[in-house]
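Comments concern the structure below.
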Amino acid sequence: MVVSTQTDGKSVRQVKVIETSQVTVRFCGDSGDGMQLAGTQMTTASAIFGNDVSTFPDFPAEIRAPAGSLAGVSGFQLNFSSHLLRTPGDRVTALIAMNPAALKTNIADLEPGGILVVNDDAFSKTNLAKAGYDENPLDAAGMSQFKLFRIPIDKLNAKVCESTGLTGRAVSRCRNFFALGLVYWLYGRPMDPTLRWIESKFGGKPVVAEANTLALKGGYYFGETAEMFPVRYVVPKADIPPGRYRRISGNVATALGLITAARLAGKPLFYGSYPITPASDILHELARYKNFDVRTFQAEDEISAICSTLGAAYTGNFAVTGTSGPGIALKSEAIGLAVMTELPLVIVCVQRGGPSTGLPTKTEQADLNQALFGRNGECPVCILAPATPGECFDMAIESFRIATEYMVPVIMLTDGYLANGAEPWRIPDVASLPKIEVKHPAASENGFLPYARDAKLARPWALPGTPGLQHRIGGLEKADGDGNVCYDPENHEHMIHTRQKKVEGIAETIPPTEMFGDDSGELLVVGWGSTYGAITSAVERCRAKGMDVSSIHIRYLYPMPKDIGAILKRFKKVMVPEMNLGQLVQLLRAKFLVDAKGLNKVQGKPFMISDIERGIEDTLNGKAI
Amino acid sequence: MSNDTVQVELKPKDYATDQDVRWCPGCGDYAILAQAKKVLAGLGIPRENLVVVSGIGCSSRFPYYIESYGFHSIHGRAMAIATGVKVANPELSVWVVTGDGDGLSIGGNHLLHTIRRNVDITVLLFNNQIYGLTKGQYSPTSPMGKKTKSSPQGSIDFPLRPLSVAIGAEATFVARTIDVNVKHLGYILERAARHKGTSFIEIYQNCNIFNDGAFEYVTGKDVKDENAVYLEHNKPLIFGKDRDKGIRLNGMKPEIVSLGNGITEDDLLFHDEKAEDPSLAYLLSRMHYPNAPEPMGVFRCVERPTYEDLLMDQIESSRKANGEGDLESLFASGETWTVD
């Protein structure tokens, strides 16, 4: 603990400064309160300060649910630290609640002794009633377990913005920045990045820029001046690998990866998509980059989205469609057509809570079975799953590498947690990126076999416009070689095997599995997708406590890396945490005959590190999980 | 054509493939295939630059019989696939062959939206008012009361009129023709192929197995002249074996009149395929046997920018405004910071 002196210019007061290694802050309020903005601003400020950061927004499906209602609460969680982070944090160290509904829906996540900042002005009788409180919860005895700060944010914010002449709604729109300023003071965050952002965002509206600046600074100086805050906290810089960084979410990383893949191959990028949460941001992002010859097509439905993509793939573009689980269901038949016509196609599935419309804005991993098996006939499709937001970039490139090398559709499974979660991303050196070499057969006068195969069993990607290579493809079974429609029984079986062998052969060109921990032992934790951060951190903590546990993360779900079977057999127990009822675990049991056990959570929320720690401890202690 | 290019002149037979044509003997599809090859040869469209896309149904076997790039896809989705082909390479000549079930039932949505976007593709909708490949169920264009295997007591589905749908979907080219009137069929195919934008042709096509004679009233030797009126731009609507009848507008209503007795050609409705307002074309699309002679020919032919041209314009203007895409600056967009 350090004691230092703070000054507000006139009086001098003592403020304790406590150094801590990690802080988890959550902003929550009405979906119109600007909580996402406050959160992302603090993320950037923290990253620029030198901390590692990890974030996760949590917003309702309703765009503007009635003000003050429980359904309308929007939250943004930021974890920042002096060590490397893998998740947005379990319990919250500090909760900023802008109204009673936000308090009610989030208070359970605040750790005992945590900081609770509330906008006291919003705790009116009406708002309490909307949140279902009979009495003001801030007066309840249970509050004593927290460091509660009841701050009249509305009034203070209106006061500091008075000089701008703005009133009413225009002023209250700035109150998120007042709250943000206060939190900046509390955790010693630099204001400059946010002030720069205000300038660039509202440069054309000087009054609005002025009001937001005053609100941010007002909150900051309120923290410094008001006697109510005896302590502030510092989180020292983290030891982060050198380089140039930016903040990136999974959806943006996916979009950049797709553009990059097309660029590396010198191809136009075609993106056919129908708006769907939580995948739409990929479409928004790509639509901005037409100068990269990105051809975005907002289709009339999910089926048109994938069919137009298939048409573009046939014609030689790098073609990709993006959607979520309900969209994959609609695209199933066309994915089968891509398998049959053996065309290179990337399908991004940003999973969300299901079944049916489910939980559109929440995360889940329950589309693995659909991706693996959701089609008629024997219809193998390569499936990749990035583990972190930044990895979406690499896996988008890898998806196109595989699609074009093997002439197959590839499904890239991300989820709402990866899509909207963000982390610092070390900007890659363009020269270091993998090359994607695409070959097309040249014009010929000597006949052409559209289903001739190379060593990887891939057929040639012959482009319309090439003289002499005219050929017909379609959904009917093909004769191997000439590709003509063929109902011959032996040929059908041969083609079924060929398509299967081709996809399984992808395992020859994917990297071996990385072990976290030991090569063998008591317990192996196996994960896939967005659970990487929670699993790895939990295993790290348990190993520090001396437990015999290791982990692997499967990024290639179909086909799997060739070493998976052997790795599984080197451990006595296998545990598979998933945000579903056990889809990968079922696959591992069926394929490798191991007694793997599932650790399952389907609440539309990611795993906490402690969830998995508990699972590890229980498994090692022989308890059922 | 420049002098140093030796362009081999293509004949209709050069557009034939080595595949056996497997339509039923006597099917109207044969005539359409023959005319299509003739028109392709006449227009000199190189085989490698032609992509024929289809869905599922008898008509959708078409790509196998045209020596070009072809995509026999899944039921109803040809329009969407064709859109992807055209956007990926606007230089290609893209044709869609579909039917009343494929295009108007399962594929209705894609038909509407492709037409409204005005993607430059030529759409041949074979209308035989029946599901042929699944062996004889009523289709979205079958008349009320039609008895089929799936409607033994008669169909209770009210039919839609393909051209009314296309016009309602803001089509820039709409036409109708008949399989057996090969001269007119060839003329319409050529007009459609030359039009820039989505060209939509309804072709009355006889299914001699499951719905034989459905269009007898416009093909039968003795009746066809009384039941069809052939449209010509800027010409009055005249029909009848002796060309003695015409269509006159009575307010918003077309009525049949006999020429003579004070009624001259000038009193008749004059066709204007280039009218920006689609009302006239729509009105013509509502004329139906037996109440009125059914119009044949080009109902509507107007110019509007195509989807792919507008998209390419946006790509071009984005390049002008932002420069050719550069990955380094793309990666570094937004706020960045450096860790030493």
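Given the pairs A:331/B:146; A:155/A:205; A:502/A:569; A:290/A:435, which are separated by over 29 angstrom at their Cα positions? Table pairs above 29 Å Cα-Cα are A:331/B:146. Mind putting a number on the dipole of segment A:246-432 about its Cα centre? Charges go on the C-beta only, +1 for Lys and Arg and -1 for Asp and Glu, and I need it in Debye to the nearest 20. Charge dipole, segment A:246-432, about its Cα centre: 440 debye, nearest 20. Based on alpha-carbon centroids, what's the gap between segment B:106-169 and segment B:189-261 in Å, whole number please? Each part's Cα centre sits 19 Å from the other's.
Just to verify a number: FRET efficiency for residue A:159 and residue A:108, C-beta to C-beta distance, R0 = 30 Å, to 0.05?
Details: r = 33 Å, r/R0 = 1.10.
The value I calculate is 0.35.
Ranking B:94, A:129, B:26 by how far each Cα lies toward the positive end of the dipole of the protein assembly as shown (charges on Cβ) leaves A:129 at the top. Ranking A:544, A:516, A:599 by Cα position along the charge dipole of segment A:515-620, where only Lys, Arg, Asp and Glu carry charges on their C-beta atoms, puts A:599 farthest toward the positive end.
For segment A:145-150, backbone phi angles converted through the Karplus equation (6.51, -1.76, 1.60; θ = phi - 60°) give residue-by-residue couplings of 6, 10, 8, 8, 10, 8 Hz, Gly and Pro being listed as x. Annotation for segment B:51-146: trypsin sites (Lys or Arg not before Pro) lying in DSSP loop with at most 15 further Cβ atoms inside 10 Å of their Cβ are B:135.
Dipole orientation for segment B:77-145: of the candidates B:106, B:130, B:78, B:106 has the Cα lying most toward the positive pole (charges on Cβ; Lys, Arg +1; Asp, Glu -1). Here the Karplus relation 6.51 cos²θ - 1.76 cosθ + 1.60, evaluated at θ = phi - 60°, turns the backbone of segment A:69-85 into coupling constants of 7, 5, 5, x, 6, 10, x, 9, 10, 10, 10, 9, 7, 9, 10, 6, 10 Hz, with x for every Gly and Pro.
How about segment B:223-332: which GluC sites (Glu not before Pro) there are in a DSSP loop, with at most 15 other Cβ atoms within 10 Å of their Cβ? Provide the component values of the computation, followed by the final result.
Values: sites: B:226, B:232, B:255, B:265, B:273, B:276, B:303, B:308, B:316, B:324, B:328; in loops: B:232, B:273, B:276, B:303, B:324.
In loop regions of segment B:223-332 (DSSP not H, G, I, E or B), the sparsely surrounded GluC sites (Glu not before Pro) are B:232, B:276, B:303, B:324.
Calculate the tail of P(r) for the protein assembly as shown: the fraction of all Cα-Cα distances greater than 58 Å, expressed in %. Write out the running numbers ahead of the final one.
Numbers: 109507 of 465130 pairs.
Result for the distance tail: 24 percent.
I'd like the orientation of helix A:489-504 relative to chain A: the angle between its Cα long axis and the longest Cα principal axis, in ° from 0 to 90, rounded to 10. Once rounded, one gets 40 degrees.
A Förster distance of 30 Å, applied to the separation of the beta-carbon atoms of residue A:435 and residue B:322, puts the FRET efficiency at 0.75. Which residue, B:50, B:310, B:231, has the most motion in a Gaussian network model of chain B that connects Cα atoms within less than 10 Å? Comparing B:50, B:310, B:231 in the GNM, the peak value goes to B:310. Computed from Cα atoms, the angle from the helix A:391-406 axis to the main principal axis of chain A rounds to 10 degrees. Its relative contact order, with pairs defined as Cα atoms under 8 Å and 6+ residues apart, puts chain B at 14 percent.
In percent, rounded to a whole number, the relative contact order of chain A is 11, using alpha-carbon pairs under 8 Å and six or more apart. About its Cα centre, the dipole of the protein assembly as shown is roughly 1300 debye, where the only charges are +1 on Lys and Arg Cβ and -1 on Asp and Glu Cβ.
Taking the Cβ of each residue in A:506, B:66 as the centre, tally the other Cβ atoms inside 10 Å and list the residues starting with the fewest. List each step's numbers first, then the result.
Details: A:506 20, B:66 24.
Lowest count first: A:506, B:66.
Remark on residue B:151: its backbone amide H falls under 5 Å from those of B:138, a criterion applied only to residues 5 or more positions apart or on other chains, H modelled at 1.01 Å from N. Dipole size of segment A:19-234 about its Cα centre, with +1 on Lys/Arg Cβ and -1 on Asp/Glu Cβ: approximately 400 debye, rounded to the nearest 20.
Remark: relative contact order (segment A:19-234) = 20 percent; criterion is Cα-Cα distance under 8 angstrom and separation of 6 or more residues.
Relative to the longest principal axis of the Cα atoms of chain A, helix A:532-544 runs at roughly 70 degrees. Within straight-line reach of residue A:623, meaning a Cα separation under 20 Å, sit the following aspartates and glutamates at least 8 residues removed in sequence or on another chain: A:522, A:548, A:578, A:595, A:611, A:613. Annotation note: GluC sites (Glu not before Pro) in segment B:38-99 located in DSSP loop regions with a Cβ neighbour count of at most 13 within 10 Å are B:91.
Here, each number is a calculation from the coordinates, and none is a lab measurement. These numbers were taken from a predicted model, which means no experiment stands behind them. FYI the Cβ positions are ideal-geometry reconstructions off the backbone, even for glycines, and counts take in every protein chain you see.
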